[in-house]
Structures are given as structure tokens and as C-alpha cells.
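**Student:** Have a look at this one before I ask anything.
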Ligand SMILES: Nc1nc2c(ncn2[C@@H]2O[C@H](COP(=O)(O)OP(=O)(O)OP(=O)(O)O)[C@@H](O)[C@H]2O)c(=O)[nH]1
Ligand SMILES: [Zn+2]
């Protein structure tokens, strides 16, 4: 028997299930997402499930179930099922689907915290931390920064200086798999029944951390390739891992870049720590691009905001605009297409 409360099942989800047309069927949480099917954990075991046509056709990519989603399904066989409904989501990590401009893709649903993992070698990149934070806080997910491989040589002062503006925005945790105390500290961040998603490029040590947190080998780790210094890509699927007495961990395959799918100016300013200057801009709706009397631009010129941070602001802002206008365009095209179809249908033949 699995206790689904340990997997994060709660009263809110129960109410969502009650409200579903399919409330009479069993529910479970998606533990693994394959190309066309899902592995779903339930109280009585694991089922491999496919989607009904209704769940699949005419749906945006972001509406398809993802790892961490709670779904209702019909049991077909001893270990097979058909997903009939997906419960509404809260706190979902999305990313821009690669190769598209207006399609987002859900990566992990119902997550309370995101562990943004970078290793203290060439992988460390503050701009990427800022970008990932934006995706995370847009969904009210709490970010934690994890800097791994402290046993390797790194410039601590440089790292700390680069993170200065982020210091009060997220806890920063330094870890090494050779330092058990650092892993114990990390574990203390994870509450019972809480879901944590691990985000980070391939080779930064996500699987190693998860194994150490579980105190057993639950995930295969990759060897570093000698020629490139980068980890081999070892994750081919996302997976949910249950900690013995704490929460639920979701591993994601090495997603390198998060394309922006949020156009929340306030969140962006908050992440980049620009909010403390904004109030003094001459115009209330100042975008801090080239407006007169912009306090943010003044702070950049005065050296109070680092240029790199401001440049990333402009970059992320531009991407957010691009995303929103592309989504808008897409909706308009779809609308005019369905109008055209309706008109065609009306015409007598
Ligand atoms: N020196 C050192 N090496 C580490 C540490 N953590 C992980 N590694 C090594 O880094 C390599 C990659 O680790 P993984 O845990 O497989 O990395 P990952 O982020 O899960 O990579 P993917 O599964 O490809 O996404 C392995 O050879 C690990 O042994 C650490 O704290 N210190
Ligand atoms: Zn301004």
C-alpha cells in the first residue's frame, strides 16, 4: 500500500477530484512521463496509463499531463489504465517548448520548491540562475539555489559577489557529495509531503544529490566526459522519488535553458532586485528601457545596479514581450480560422 499523503495528496486535491465528472474513478500521481504513456502511482500500486482521445485532441501542449500531475483514470488491466481527467494544477514549472515561440510545456506540476542546481565549475552562471528564478517565481514556487561540487577549486569570493543582488531572494546552499553535513542541511529544506523539483544542466550532480538524500542509489549517475569536462547526458526521463521521512523529489533531464513564458513585470523586477528603485521612476508604468526620469537606468549609471543584471533584464523583458505577442498572434489566427470554418459550414452546397 502506498500512502498518497506522502506523495502530496491533500484536502484541496480531494475537493478538485470531487468536482470532476470522473470522481468515481481512482486517482494517482504521475511518476514518470514517457512519450505516449505515463506511469501513475496509486494507493494500490503503479499503473501504466494512456490518455483518452478527449485528453489529447485539440489540447495545447501545456495542457497535457506531466510528471507530478494528479490524474483520474480507469483501470483496464492489472497494471494498465486510461487517463480520463487531470486535476487542476497549482505551482507548475513550465518552459518554452524548444523550437517554438508561443508554446509552453509543463515540466513538473504541484511543486512547492525548486532546487536550482549548478556546479561550481564552468557551469556556474548567474544569468541562468536569474532566468530560471523567473520561471519558478512566476508560479509561486519557492526557489533554492544549490551550488554543488564545493570540493573542487572555486573562487568563493567571486561567486558570492556575483550573487549579491540575489542574496535575499533565495537561500543559497553549498554542497558536496563528499560532505555529508552539506547534504543533511539540504535535506532540512524539504518538508513532509512537499514536492521539490531539481533543475539543472546535465552533469551538475542532480542525480548524485538525490541518491545522497535518499541514502541509496535510486538514480544512475553519469561519468564526466574527459574531453569536454561536461557530464554525459544520463537522464532520459523524469521521475518522482519519495524520500523516506520527508517529501517528494522530481528529477528533470538536463534542461539547459528556460525560454521565458511569463510576462510578469513585477516578478521580473523582484527577481533582479530592481523593485527598490522603480518607485522613483517618473512614470508609473516605466519599463526602464529608455524612458526619461527612469530611476533604474540612473541606478545602472551610478553603479548601484550591475550592468550584467540590467542587460539580462532587457533580454528577459524582450523575450517575455515576444512570447506574449506570439501567443496573442496565435490566438488571433486560431480565432479567424474557426470563424472561417463556421462560415464555410453555413454555406449551402
Ligand atoms: N567532485 C564532485 N563530483 C560530483 C559531485 N556531485 C556529483 N559529482 C560527479 O559529477 C558527475 C555527474 O553527476 P550526476 O549526478 O550524474 O549529474 P546530473 O546532474 O544528474 O546529470 P544528468 O543525469 O545528466 O542530468 C558524476 O561523475 C558525479 O560523480 C560533487 O559534489 N563533487
Ligand atoms: Zn524606470
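**Student:** State whether the residues of the stretch 26-33 include one that is in contact with a helix residue (DSSP H, G or I) (Cβ under 9 Å, 6 or more places away or on another chain) and modelled with pLDDT of 95 or more.
**Tutor:** yes
**Student:** I would also like to ask the following. Any chance the stretch 283-292 includes a residue that's farther than 26 Å from residue 100 by Cβ, within 16 Å of ligand 2 (Cβ to nearest atom) and in a helix (DSSP H, G or I)?
**Tutor:** Scanning the stretch 283-292 turns up no residue that is farther than 26 Å from residue 100 by Cβ, within 16 Å of ligand 2 (Cβ to nearest atom) and in a helix (DSSP H, G or I).
**Student:** Quick one: how many residues across the stretch 181-210 are within 20 Å of residue 111 (Cα to Cα), within 9 Å of ligand 1 (Cβ to nearest atom) and in a helix (DSSP H, G or I)?
**Tutor:** Result for the stretch 181-210: 4.
**Student:** Taking the stretch 141-180 only, how many residues are out of contact with any helix residue (DSSP H, G or I) (no Cβ under 9 Å at 6 or more places or on another chain), assigned to a loop (DSSP other than H, G, I, E, B) and more than 15 Å from residue 121 (Cα to Cα)?
**Tutor:** 4
**Student:** Would you call residue 273 on the phi > 0 side of the Ramachandran plot and either within 13 Å of ligand 2 (Cβ to nearest atom) or surrounded by 18 or more Cβ atoms within 10 Å (Cβ to Cβ) (or both)?
**Tutor:** So residue 273 fits the description; yes.
**Student:** Taking the residues in the stretch 293-307 that are part of a helix (DSSP H, G or I) and in contact with a helix residue (DSSP H, G or I) (Cβ under 7 Å, 6 or more places away or on another chain) as candidates, determine which candidate is farthest from ligand 2 (Cβ to nearest atom).
**Tutor:** Result: 307.
**Student:** Does the stretch 117-138 contain at least one residue that is part of a helix (DSSP H, G or I), in contact (Cβ under 8 Å) with a residue 12 or more places away in the chain and under 21 Å from residue 24 (Cβ atoms)?
**Tutor:** No, the stretch 117-138 contains no residue that is part of a helix (DSSP H, G or I), in contact (Cβ under 8 Å) with a residue 12 or more places away in the chain and under 21 Å from residue 24 (Cβ atoms).
**Student:** Within the stretch 39-54, track down each residue that is surrounded by 15 or more Cβ atoms within 10 Å (Cβ to Cβ) and within 21 Å of residue 14 (Cβ to Cβ).
**Tutor:** Matches in the stretch 39-54: 40, 41, 42, 47, 49.
**Student:** Would you mention how many residues in the stretch 154-179 are touching a residue at least 24 places away in the same chain (Cβ under 8 Å) and within 16 Å of ligand 1 (Cβ to nearest atom)?
**Tutor:** Total meeting the criteria: 10.
**Student:** Let me ask you something else. Keeping to the stretch 67-78, report how many residues are surrounded by 13 or more Cβ atoms within 10 Å (Cβ to Cβ) and without any contact (Cβ under 8 Å) to a residue 60 or more places away in the chain.
**Tutor:** 7
The values are calculated or read from the model by the stated rules, or taken from the named source; none is laboratory data. Just so we're clear, the structure is a prediction, and the values are computed from it rather than from any experiment. Backbone-built Cβ (ideal geometry, glycine too); neighbour counts: all protein chains shown.
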